[in-house]
Amino acid sequence: MEIISAFVDWLAGLSTGWLYLTAAAVLAAEVAVLPGMVLPAATTMLTVGFLARAGDLDPATALVVTSLAAMLGDHLGFLEGRLVGPRLRRGRFGRRIDAGRWERAERLLTTGGGPAIVLGRWTPYVRTLVPRMAAMAGLPYRRFAVYDAAAVLVWVPGIFLIGYLAGASYLRIGGLVGTVAVIVVAVAGLVAAGVWARRRRGRGRARRDRESATGCRGRVRRARSPLRRRGPDQGRRTRPDTRTARPERDRSGW
């Protein structure tokens, strides 16, 4: 907590231009580079909201700069996952990350699909892994870009608004925001898993109904024509004997 307070004090002491640049760099690097998950991106956004309320920053400019930086970091993370693939998880930095975080991000994408990108943005540490896991899972880039834009355009103004409304007490509610976000994502993941399981049971029930209606199970095999069946003596072509028996010669001379 002391480190975060010192970081906030240092951030608040910067000039306007350097403050925009530093906030954008923190938001982009949190996802763009794998070790960036230790950067206090949410705290930075809370600080930006507080400074905007104090009149040190322009709210519109701050939202535009931070939103573009967050999108840039997500797209760079997706590109890294597409280029490196599973080797990223087995690499030097990937092995330093707790396996539970990798599994949490993978489970979130498996159960939630594209909307999981929106939910993952609200989960600390997981939002760094979600773009990479989406690329490794084969999610098309256009679909990722749409869901990522929705995620950033909800998360950045949301955290900014919390810092703006909280005023000087925004640091005390920073931990509460993270806890509430984890609870919301967990509940949403359970709901998505329940919907997925229900759909799977529905597809299985429909398949069994079709099998019972047709009186067969599985793949129907076409019966082979009896004319095409080959017996043990078939398979080798036998040429008809065209030779005729020669007449015996009459030894009497006739």
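The values are calculated or read from the model by the stated rules, or taken from the named source; none is laboratory data. The structure presented is a predicted model; accordingly, all values stated were derived computationally and were not measured. Backbone-built Cβ (ideal geometry, glycine too); neighbour counts: all protein chains shown. Side chains included, ligands, DNA and RNA excluded: accessible areas come from the protein's heavy atoms. Shrake-Rupley method; radii C 1.70, N 1.55, O 1.52, S 1.80 Å.
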| task | Could you work out how far apart the two model spin labels at Ala145 and Leu161 are, taking each label as a point 7 Å from the Cα in the direction of the beta carbon, and quote it in nm? | result | 2.7
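May I ask you to order 31-43, 76-88 by the average number of other C-beta atoms within 10 Å around their residues, highest value first?
Working: 31-43: 19.5, 76-88: 16.9.
Descending mean neighbour count gives 31-43, 76-88.
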| task | Obtain the nm distance between the two label points defined at Ala99 and Ala60 by a simple spin-label model: each point lies 7 Å from its Cα along the Cα-to-C-beta direction. | result | 5.2
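Heavy-atom accessible area per residue, region 1-120, 1.4 Å probe: how many Å²? Walk me through the intermediate numbers first.
Working: 6030 Å² over 120 residues.
Accessible area per residue: 50 Å².
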| request: Take the Cβ-Cβ distance between Thr16 and Leu153 as r, set R0 to 25 Å, and report the resulting FRET efficiency rounded to the nearest 0.05. | output: 0.60
| said: Restricting the calculation to Cα positions, tell me the Rg (one decimal) and the Dmax (whole number) of region 25-85 in Å. | reply: 13.1, 44
